[in-house]
């Protein structure tokens, strides 16, 4: 029986485009949320 990490690595190697797209989407969503929070706090401070 294979361990979960071996199966995960095999899946990530096979689906590298999808993994890259998902990772970049998460990073962009986090940056968008941080930017909106910064904009909101700057409006509150004005």
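Key figures
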quantity	calculated
Close pairs from the range 16-35: first in a helix (DSSP H, G or I), partner surrounded by fewer than 10 Cβ atoms within 10 Å (Cβ to Cβ), Cβ under 8 Å, at least 6 apart	none
Residue check, residue 12 in contact with a helix residue (DSSP H, G or I) (Cβ under 9 Å, 6 or more places away or on another chain), modelled with pLDDT under 90 and part of a helix (DSSP H, G or I)	yes
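The values are calculated or read from the model by the stated rules, or taken from the named source; none is laboratory data. Every value quoted in this text rests on a predicted model; they were computed, and no experiment measured them. For neighbour counting, all protein chains shown are included, and Cβ atoms are generated from backbone atoms with ideal geometry for every residue, glycine included.
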